[in-house]
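Note sheet for the following structure.
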Amino acid sequence: MEGESSPINQSEGRRVTPGNAAVKREAPGGVSLVVPQPNINATVAQNILLSVEYSCRGIATIEWKHVSSWGTTSIVEWKIGNYVNISTVYKDRVTTFENGSIQLHNVGMRDAGYYFVTVTEEYGNNAYGTIIVNVYEIIYEDLHFVAVLFAFLAAVSAILICFMWLCNKSLHLFQKKTHKLTASTTEEIELETIEC
């Protein structure tokens, strides 16, 4: 689990640290579990592989659980060669592998969180592993929205500028016509005054 101190590799006498390095956990009875990638970053709608590798003396039972702010959900439990129980929430979204790994299809924001795997051998010994999954929104969709909004605003601005130009041109023509009418009316009044 996450709160444990780093396991000690007995054969080399050194501490294995989490991060991007593989984490090997070995139970006293001979069950060992390796988590090659304890941190996974994914984007929405992507498929992700929660990869582990285990070894034990007997037939193993593997169980995966997901823990997040929405609660704890059992994903799948299976005994190699015997049965596979996939929870209804993950029915069409999970693929199991003989080495204990699972693949999640079409991940969403709710799939972020901690994934706990337990490998239990038939003699009762077990080993645990944890994978942290971060799921992010697809950035280009946000950029696409901004680009569409910018194009829409540019089009509206262009239409408004054209409309203002046409109004200005119409006003200018109207003023010219009014000025001509005023000039011709003034000439007629002058002519009438002269004739009188």
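The values are calculated or read from the model by the stated rules, or taken from the named source; none is laboratory data. The shown structure was predicted, so the numbers you read here are calculated from the model rather than taken from an experiment. Glycine also receives a Cβ, built like all others from the backbone with ideal geometry; neighbour counts cover every protein chain displayed. Accessible surface areas use protein heavy atoms only, side chains included; no ligands, DNA or RNA. Shrake-Rupley method; radii C 1.70, N 1.55, O 1.52, S 1.80 Å.
Data for the structure
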read-out	value
Selected residue (criterion: nearest to P36 (Cα to Cα)) from residues of segment 85-99 that are aliphatic (A, V, I, L, M) and open to solvent by less than 80 Å² (accessible area, probe 1.4 Å)	V94
Segment 114-156, residues that are closer than 30 Å to I80 by Cβ, modelled with pLDDT of 85 or more and of a type in the set (F, W, Y)	Y114, Y115, F116, Y128
Candidates I102, I59 - the one that is at negative phi and open to solvent by less than 20 Å² (accessible area, probe 1.4 Å)	I102
Residues within segment 115-156 that are under 17 Å from the mean Cα position of the chain (by Cα), open to solvent by 90 Å² or more (accessible area, probe 1.4 Å) and within 30 Å of V34 (Cα to Cα), tallied	2
Segment 44-62, residues that are part of a strand (DSSP E or B) and within 25 Å of Y136 (Cβ to Cβ)	I48, L49, L50
I159 vs. criteria open to solvent by 90 Å² or more (accessible area, probe 1.4 Å), at pLDDT below 70 and among the β-branched types (V, I, T)	no
Those residues of segment 63-79 which are in contact with a Gly (Cβ under 8 Å, 6 or more places away or on another chain) and either surrounded by 16 or more Cβ atoms within 10 Å (Cβ to Cβ) or in a strand (DSSP E or B) (or both), in sequence order	H66, V67, S68
Count of residues meeting criterion [more than 18 Å from I48 (Cβ to Cβ) and in a loop (DSSP other than H, G, I, E, B)] in segment 80-104	4
Lone qualifier among V107, V117 - being in a loop (DSSP other than H, G, I, E, B) and touching a residue at least 24 places away in the same chain (Cβ under 8 Å)	V107
Condition met for V119 (among the hydrophobic types (A, V, I, L, M, F, W, C) and either touching a Gly at 6+ places or on another chain (Cβ under 9 Å) or within 30 Å of R93 (Cβ to Cβ) (or both))	yes
